[in-house]
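Asker: Here it is, the structure in full.
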Amino acid sequence: MMFWRWFKRSLYALLALVIIILTLVTLILTTQTGGRLGLYVAEKSLPGDFEYGSWQGAILRDFEITDLSYRDGEIDIEIEYLQLRWRPWQLLKRQLHAREIEINGARIHLPAGEPAQEPNQPLFPIQLPDIQLPVSVRLDQVLLTDITFQQGELQQHIKRIQLRGRTRGDTIHLHSFSLTTDDIHAQLHGTLTPVGNYPLNLNTLARFELPEYGFTTVVGTLRGNTDALALKQQVSGFVSAEVDVEVTQPLTENLAWRGVIRVLQSTSEGLIPDIDWLNASIQGSGTLKTVEGEFRVEGKHEALGIFVVNSEAAFANETFSLDSLFVRAETLGLMLDWTGEASIITAEEIGDTDIELSMGGLFRYQDYIDADISLELEGSPAGLSHFNLSAQSAESNISLTGSLSWIDDIQWDVAFDISNVVLERFSAQWPGLINVSLISSGRWDTDGSNENTDITVNLNRLHGELQGEPISVSANGTWRGEEVAVNGLNAQWGEQQLSGDIHANLANTSITLDVTGKNIAYDAYSIANISANLIADWSLNTLPTGTLHVSDVIQNKQQVITDLSLELSQETDAHRATLHGIAFETEVAIDLLGHWQDMQWQGQIETFSFAHEEFENWRLANAAQATFSQELLAIDQFCINNETRNAGFCLQADWNLATQNGNIEARIDSLQLSLLQPALQPLMADELNIEGSVNANISILIEDNQLAINSSVNISDSIIRLPEQDLDFRISASELLRVQGNQETLTAYFDLRTLDLDGGIKGEFIVNDALNLGSINGDVQIQLDNLAIISVLVPQLQAVEGRITGELGIGGVLSAPVVTGYIEALEAGGEVPAAGIRITNLNIRLDAPGEVGEPFSLNAEAQSGEGFLNISGRYFLVEQEADVQIRGENFQAVQTRDLQVSISPNLELNYNKDGIRARGELTVPNALITPPDIETIDSSSRDTIIVRGDETVFSFEEDNLPIDADVQVILGSNVRVEAFGFDGRLEGRLRVREQPGQQTSAVGTINVATGRYEIFGQPLNIDRGNFTFTGGPIDNPGLDLRVSRSVESENVTVGARIGGSLREPNLTFFSTPAMQDSAILSYLILGRAPGSDSGEANVFAQATLALGMQGGNFLGEQLGQAFGVDEVLLDSTGENLENTSLFIGKHLSSRLYVKYGIGLIEPVNTFFIRYRLTEHLHFESQTSGERSGADIFYSIER
């Protein structure tokens, strides 16, 4: 009884305990307090430190927690915010259903993992486990933001993860998944079944940014299972690409794949710069051990144009092979089409890898190479045991064979042969045909030392033809250790010859030359003979010794050295250099004896003399001590005297070239001005004689803070005489220049006085603190009352009159001087014979700026005929720039027998270092153009050169100064032409443009306002005459001309239209009423219809001759140019028209002229010859079927 009572009580107590426990668990799981209690228990029971900030909700309902952290050793986890909304009662249905999971601000730090162990088991086959979940899972919304994960050195920051999906059976349905990091954004959705053969069907998207290229997006699919997978991806961004790959048995050793990758770049801003577009593809297949495929690229490069590259290659059995290679670049002119086999057999040691290649095919490069190439080689990455490269074209053969290695040092043994290489394929300046045979072997240390260097090059032969001259070269070269030598050099090119030996020692930097040459030519230079036997040190520790001799050295067709010898020798402890011979038409002799140490020569000048026919003979008075180096120039009492006159020059200097400090003293005694005559004569058109002498004393001392100058130049009474013009210009004896002072004050004075110019130029300057570029103050006064000398200096101007005055002041500082004052020409004028005009009332004034950086200003005025010109402008001295405005009205620009032109300009001209720029208008109010007297004109060809002795006095030289012109040319109301039967007035305007490097062009129209044209003695009316310029060359305007003639007695109007262009005119006839062209021509020429009168033939012949005599030979001139003859014309040998002939003439040489005539009416042939015997004596002969004759003429042209 007691037992059952105790049992009941125990049972009640146990039940109560269970109820209490269930109640407590329920409270913990379903209440907010219970949740906190659970966190408290976790805080006390978990190892490490567990903390949280706040708790809201219940575990079996929705809850959120903030500032959650857990730290245990190297494990550190922090979560700023965590929220879970789920349906726990779904667990009773074996389903885990989370409506929302959100985590924000998570920091996860884990210890570094253990290094991965090499697997002992083979990689394949790979077994994937079957993953079966005990419950189904449904995630409505998962959001993770600002997540940082770090394990060891690995650190990753995730901005956002979003997930939504569920499972159905064994299949995972991923409705959406997105991942965003600092570098990439990825999206994924699809299905995956992680059991059996793992079937999957996924759609992918990735977007990332590449520096300098912007964003790139990759979209694609991954489908299949463990038996077969298919990957397709599309790339868009800086390039477009497509990837299509299929893999079978991906988890076994039987893995096989095939696929294609295509890349398209459509702009030049893509992956590869300077590519306008690119289309590349890689297509192939393979296994784990083999690969084979085709690579193809097409594109367009900005410089190289369209190109194509195609290749087929394979890798199998550890062997790489290249089956074909095709390359084509059209603009570059490159084409390569090779087939064959190239293989690389790999090995564990790179040195044991075998490389074999046997390929060949077409290789074409522009016009240089068009050959079949064959290349065979065997070797390894350490070198080539054998290689053979051969090229064969229609004309040439090239062969290169041998062996080569490059591991420890470079070693080779090669033979090189060339047969019949056409050089003009490579350079049009060097045409020729070359054959070469060369062998070389050697060893070269790659570490830069020459200890083991041993190189031999034997040029057995180089022969052929170069620039039309035979050429042959042979030589042997060696480089062993520090010794380099070229032995047996023997070269001959046409008449040029060079032979000898050259030896060099790299250790002591010495070179020994023993060479001779004959007729050596290069560019504008040629040397008839040269021989050198020298020993030199290129580091200049010692001076060279030996001899050097040259003779007949020509520069620009002028002999500069007749014969010159240099002898260098070492005498005990001194070095002697002796130079003697004839150079620049001067006999020279120099003898130096001195010592060379530490890059400085010190000794004496024992001999210094030169003799010239015009500059006379000069000789050193006494030996002079001297010192020369890169930093010092010192010479003591170097005096040379004239052997025939009491004149001389002395120099004493001690000058530091580095610091530009030292002292210089020089003296000139009675130096004859006639010595300057050879230098000044080429500048003058007429003979020049100069009399007088100059004396000078120069003393300059410059130290760091010291300056002393005391110098003067004096001139005697002197005369500059031009005998042909009977002009003398006398210069009065005076002190031309005096400079004296020190670093504090420096004074300069000059005075040039001339009696014949009625005046002179003088000035004075004072410089303070010259060493520091201090202040300057001075003035210049100009007074020239006779300007006749200008006609001598500028022969294009004659009868120049007027006067020049000026006062200039200079102030400021030396580094930026300020010029004030003016120079002006007053009441000036002169004649311009070539233009037939005389300019009067010419007044020019140039005003100095008065401030630093400001321009000079120019104002000028002049009169010619009944008009005037005004010119104003500015000139910037430092920038060398100017701008000028030209205004005028009715200024007579040309007044000759053939041409009379007046102009009214309104132009703006700008000048700088880049050229001249012209803008504005040029009006021609009056002009009269009449035909030139063709019979009295001798035109010079463009290659005419007139010389006087060795001096060129005339040639057609083009002005290299670029001109940028855009000028409106306007024809006024009185522009008339009376030439070649035309008498009329022109009007219109043209916009003339000229650009550097382009033809002068024009836009506009010139019209015949009124006029008549007489052809064959018959007058025609000009109904319309337009010359249209449309922007093309100015010498080829479009034509729109219409001439007509009315025959009132027959009520007939006939005429002609001329269209096309000046170079290619089109002629058509018209009439009222309509008639044939022959009838129209008869009305135009005869004034009546064509008839049967035989006398009309004479009339037509008269008209034809009239055409020849009134400028109609223009057609003959055009025919002459077309057929390469000098003259095609109609002429008559008598008054009878039956003697009319067609003549064709040609200059066969500068002395011989022949002309052949064929009778047009009578069958009479005429042969004429003229031969120039001397400058004034000519022989002429004329032979025909009727008579013959010869004459000798003596003529004098003035």
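The values are calculated or read from the model by the stated rules, or taken from the named source; none is laboratory data. Computed from a predicted structure; not experimentally measured. Note that we place each Cβ from the backbone using ideal geometry, even for glycine, and neighbour counts take in every protein chain shown.
Asker: Give segment 567-583 a look and list any residue that's charged (D, E, K, R) and in a strand (DSSP E or B), or say none.
Answerer: Going residue by residue through segment 567-583, those that are charged (D, E, K, R) are 567, 571, 573, 576.
Correct list: GLU567, GLU571, ARG576.
Asker: Tally up the residues in segment 223-246 that are more than 54 Å from the chain's Cα centre (by Cα), closer than 22 Å to LEU205 by Cβ and of a type in the set (A, V, I, L, M, F, W, C), please. Step through it out loud before you land on a result.
Answerer: Let us first name the residues in segment 223-246 that are more than 54 Å from the chain's Cα centre (by Cα), namely 223-229.
Retained after the next criterion (residues that are closer than 22 Å to LEU205 by Cβ): 223-224, 229.
Add one more test, that the residue is of a type in the set (A, V, I, L, M, F, W, C), and what stays is 229.
Going through segment 223-246 one residue at a time, the tally reaches 1.
Asker: Here's something else I'd like to know. Could you grab the pairs with beta carbons closer than 8 Å, sequence gap of 6+ or different chains, first residue in segment 67-82 and under 12 Å from LEU46 (Cβ atoms), second one polar (S, T, N, Q) and at pLDDT 85 or above?
Answerer: Taking only residues 6 or more apart or on different chains, the pairs are ILE77/SER69.
Asker: Of the residues PHE615, PHE638, which is within 26 Å of ILE690 (Cβ to Cβ), modelled with pLDDT under 90 and either surrounded by fewer than 16 Cβ atoms within 10 Å (Cβ to Cβ) or among the hydrophobic types (A, V, I, L, M, F, W, C) (or both)?
Answerer: Unique residue meeting the criteria: PHE615.
Asker: Let me ask you something else. Quick check: is even one residue across segment 729-749 in a helix (DSSP H, G or I) and at pLDDT below 85?
Answerer: Let us first name the residues in segment 729-749 that are in a helix (DSSP H, G or I), namely none.
No - not one qualifying residue is present in segment 729-749.
Asker: Taking segment 1013-1038 only, how many residues are loosely packed, with under 14 Cβ neighbours inside 10 Å, over 24 Å from VAL969 (Cβ atoms) and modelled with pLDDT of 80 or more?
Answerer: Counting residues in segment 1013-1038 that are loosely packed, with under 14 Cβ neighbours inside 10 Å, over 24 Å from VAL969 (Cβ atoms) and modelled with pLDDT of 80 or more gives 1.
Asker: Listed residues SER268, SER285, SER281; which is more than 43 Å from the chain's Cα centre (by Cα) and either over 25 Å from LEU222 (Cβ atoms) or modelled with pLDDT of 85 or more (or both)?
Answerer: Going through SER268, SER285, SER281 in turn, just one is more than 43 Å from the chain's Cα centre (by Cα) and either over 25 Å from LEU222 (Cβ atoms) or modelled with pLDDT of 85 or more (or both): SER285.
Asker: Any idea which residue in segment 890-947 is modelled with the highest pLDDT, counting only those that are over 30 Å from GLU879 (Cβ atoms) and among the basic types (Lys, Arg)?
Answerer: Step one: list which residues in segment 890-947 are over 30 Å from GLU879 (Cβ atoms), which gives 890-904, 923-947.
Now drop any that are not among the basic types (Lys, Arg), which leaves 897, 942.
Working: ARG897: 83, ARG942: 43.
The qualifying residue modelled with the highest pLDDT is ARG897.
Asker: Considering segment 711-749 alone, what residues qualify as being of a type in the set (A, V, I, L, M, F, W, C), in contact with a helix residue (DSSP H, G or I) (Cβ under 7 Å, 6 or more places away or on another chain) and more than 26 Å from SER699 (Cβ to Cβ)?
Answerer: LEU722, LEU727, PHE729
Asker: Also, I was wondering about something else. Which members of segment 218-268 meet the condition of being closer than 21 Å to LEU128 by Cβ and either in contact (Cβ under 8 Å) with a residue 60 or more places away in the chain or not in a strand (DSSP E or B) (or both)?
Answerer: Passing the criteria: ASN225, THR226, ASP227, GLN249, PRO250, LEU251, THR252, GLU253, ASN254, LEU255.
Asker: For the structure I just gave you, tell me whether VAL767 is β-branched (Val, Ile, Thr), assigned by the TED database to the domain that holds VAL818 and loosely packed, with under 15 Cβ neighbours inside 10 Å.
Answerer: No.
Asker: For segment 641-673, name all the residues that are small (Gly, Ala, Ser) and crowded, with 16+ Cβ neighbours inside 10 Å.
Answerer: ALA647, GLY648, ALA653, GLY662, ALA666
Asker: Could you check segment 822-898 for strands (runs of 3 or more DSSP E) lying wholly inside it with 2 or more residues that are under 26 Å from GLY811 (Cβ atoms)?
Answerer: Strands (runs of 3 or more DSSP E) meeting the threshold: 837-847, 856-864, 867-876, 881-889.
Asker: Return the residues of segment 282-302 that are in a strand (DSSP E or B) and more than 20 Å from ALA256 (Cα to Cα); say none if nothing qualifies.
Answerer: Matches in segment 282-302: ARG296, VAL297, GLU298, GLY299, LYS300, HIS301.
Asker: Another question, if that's okay. When the residues of segment 385-407 are narrowed to those that are of a type in the set (Ser, Thr, Tyr) and in a strand (DSSP E or B), which ends up surrounded by the fewest Cβ atoms within 10 Å (Cβ to Cβ)?
Answerer: Checking each candidate, the answer is SER385.
Asker: Test TRP538 against the stated conditions and say whether it is under 24 Å from ALA504 (Cα atoms) and modelled with pLDDT under 90.
Answerer: Against the criterion (under 24 Å from ALA504 (Cα atoms) and modelled with pLDDT under 90), TRP538 qualifies.
Asker: Still on this structure, please answer the following. Restricting segment 584-611 to residues that are part of a strand (DSSP E or B), over 15 Å from LEU568 (Cβ atoms) and of a type in the set (A, V, I, L, M, F, W, C), which is nearest to the chain's Cα centre (by Cα)?
Answerer: The selected residue is VAL588.
Asker: Now a separate question. Is it true that THR516 is surrounded by fewer than 17 Cβ atoms within 10 Å (Cβ to Cβ), part of a strand (DSSP E or B) and hydroxyl-bearing (Ser, Thr, Tyr)?
Answerer: The answer is yes for THR516.
Residues checked against (1) within 25 Å of LEU39 (Cα to Cα); (2) touching a helix residue (DSSP H, G or I) at 6+ places or on another chain (Cβ under 8 Å); (3) hydrophobic (A, V, I, L, M, F, W, C):
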| site | (1), (2), (3) |
| --- | --- |
| ASP67 | yes, no, no |
| ARG94 | no, no, no |
| LEU110 | yes, no, yes |
| LEU154 | no, no, yes |
| GLY169 | no, no, no |
